[in-house]
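Notes for the one structure printed next.
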Amino acid sequence: MKADFLKYQAQTSPYPLGMEVSHAVGSYIYDTNNKKYLDFVAGVSACSLGHQHPRVNQAIIDQLNKYSHVMVYGEYAQHPAVAYCKLLVEHLPPSLNKIYLVNSGTEACEGALKLVRRVTGRSQLISCHNAYHGNTMGSMSVMGFEERKQIFRPLIPDVDFITFNNEADLEKITTKTAGIILESIQGGAGFIEPQNDFLAKVKKRCEEVGALMIIDEIQPGFGRTGKLFGFENYNVVPDVVIIGKGMAGGMPVGGFIAHEKHMDLLSHDPKLGHITTFGGHPVIAAASLATLQEVLEKDYAQQSLAKEKLFRELLVHPLITEIRGRGLMLAAMTSDPEITNQVIFKCQDKGLILFWLLFEGCAIRITPPLTISEDEIREGCAIILEAMNEVMNEE
């Protein structure tokens, strides 16, 4: 299977991990040799309830037995999407009261960028250095990492960049700015949290000049950082929120959220201002609804903080310089990318799945399912420490 994988599927890197997957359940993935791997990555934060969660699986089966795709997004009222949007809005600030469902996080970003231009009539977009918001052309245009996008230029014009947590840069937000897009916690950059009310100061500056603030919750959202959404930790309510990854328990999905007076502008002048065939797909929406219900009812957001505390207590080692992040969005930092590489590969050999961050080579990604148990955390951390001891002894 691995040979066919390399031959017939386009690759994203020269050396993919290439695990041959047999099945997955709970916090574990099994390969075709029936070796089990404890999953500390959760599909890069997407499998928020672990693998094969019974409630999500049953919701998918039940919806498949009723109907699947019937019409392009926005024409028919379909219960899973309607019920999902209603429940989510009930748990958001009042100004975030209308949702556009799409197929992925990067598509949600595209829709949000279009929305702020439509609302303001302006063209300038501002993002952050080392930001990541997806990989389609608009999302790539606001990616703050030139090495990954130079070859694809020209991208969309009139995009400027500031440094996350640099208050002096906020003067770049002017009356020419349509919107600024920020992650509530910078992911690819190394799980960088906002400091000194930075997000609130960005929002204040936007209000002063009539620009809109977009917060990307694709990775921090749905309970991973101790709140339903990361921005709730930082005393700010954005104008637009982008969602994806963990919202459907591992199914492909995304969405963007804003006030109805703004979202309604996409329906006219011109009509069909943003369209998608499969956005709001009833099977995916059913999975999203089941995932949200489970996260809310079991209070996984609050549990993530207790689990963070356990990770921080256990992951103490000379090779770990710090633990960044919040909740179950954590990065164990080493002093050298080669150390990080060795630890990740050794842990996979020992049955623990870890991963990298996009732009910060020293970071070891730790983003397990929200459902991970304390015993599983202890099991995985013991493997990390064992691998680090081996790396240290080999030096």
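The values are calculated or read from the model by the stated rules, or taken from the named source; none is laboratory data. Keep in mind that this is a model prediction, so the values were computed, not measured. Backbone-built Cβ (ideal geometry, glycine too); neighbour counts: all protein chains shown. We work out accessible area using only protein heavy atoms, side chains counted, and drop any ligands, DNA or RNA first. Shrake-Rupley method; radii C 1.70, N 1.55, O 1.52, S 1.80 Å.
Some notes on this structure:
- Only protein heavy atoms count here; on that basis, with a 1.4 Å probe, residue 289 has an accessible area of about 30 Å².
- Restricting attention to the chain, close to 60% of DSSP beta bridges with both partner residues there are antiparallel.
- Across the stretch 293-310, coupling constants 3J(HN,Hα) worked out from phi with the 6.51/-1.76/1.60 Karplus curve, θ = phi - 60°, read 4, 5, 4, 6, 5, 8, 6, 5, 4, 5, 4, 4, 6, 5, 6, 4, 4, 5 Hz, and Gly and Pro carry x.
- Heavy-atom accessible area for residue 163, with the other protein chains in place and a 1.4 Å probe, reaches approximately 60 Å².
- Simple spin-label estimate for residue 312 and residue 151 in nanometres, 7 Å along Cα-Cβ: 4.0 nm
- Candidate lysines - alpha carbon under 21 Å from residue 7, same-chain residues fewer than 8 apart omitted: none
- Counting DSSP beta bridges with both ends in the stretch 181-331, the antiparallel % (nearest 5): 55 percent
- Residues 261, 114 ordered from highest to lowest accessible area at a 1.4 Å probe: 261, 114.
- Take every Cα pair under 8 Å whose residues are at least 6 apart in sequence, average their separation, divide by the length of the chain, and the relative contact order is 22 percent.
- Between the amide H of residue 126 and those of 160, 179, 180, 181, distances stay under 5 Å, these residues lying 5 or more places away or on another chain, with hydrogens modeled in the peptide plane.
- Where 264, 216 fall by accessible area, highest first, once all protein chains stay in place (1.4 Å): 264, 216
- Here the 3J(HN,Hα) profile of the stretch 24-32, calculated from phi with Karplus coefficients 6.51, -1.76 and 1.60 at θ = phi - 60°, is 8, 8, x, 9, 10, 10, 10, 8, 6 Hz, Gly and Pro shown as x.
- Accessible heavy-atom area order of 198, 145, 355, highest first, probe of 1.4 Å: 355, 145, 198
- Backbone HN-Hα couplings from phi across the stretch 361-368 [Karplus 6.51/-1.76/1.60, Hz, Gly and Pro as x]: x, 8, 8, 9, 5, 10, 9, x
- Each Lys or Arg adds one and each Asp or Glu takes one away; over the other residues whose Cβ falls under 11 Å from the Cβ of residue 244, this sums to -2.
- Solvent-accessible surface (1.4 Å probe) assigned to residue 309 amounts to roughly 130 Å².
- Contact order relative to length of the stretch 5-126, as percent, for alpha carbon pairs under 8 angstrom and 6 or more apart: 11 percent
- The residues of the chain expose, per residue, 44 Å² of accessible area to a 1.4 Å probe.
- For the pair residue 259 and residue 66, label points projected 7 Å from Cα toward Cβ lie 3.3 nm apart.
- Lysine pairs meeting the criterion (Cα under 20 Å, 8 or more apart or interchain), as found in the stretch 168-321: 16
- With the cut-off at under 19 Å, measuring from each backbone N in the stretch 102-145 to a point 7 Å along the Cα-to-Cβ line of residue 201 picks out 126-131.
- Here the contact order of the stretch 290-395, divided by its residue count and restricted to Cα pairs under 8 Å and six or more residues apart, works out to 27 percent.
- Each of 134, 113, 77 was placed along the dipole of the chain (beta-carbon charges, centred on the mean Cα), and the one lying farthest toward the positive end is 77.
- Net charge in the neighbourhood of residue 395 (other residues with Cβ under 12 Å of its Cβ; Lys, Arg +1, Asp, Glu -1) is -4.
- Neighbour net charge for residue 19 - beta-carbon separation under 13 angstrom, K R +1, D E -1: -1
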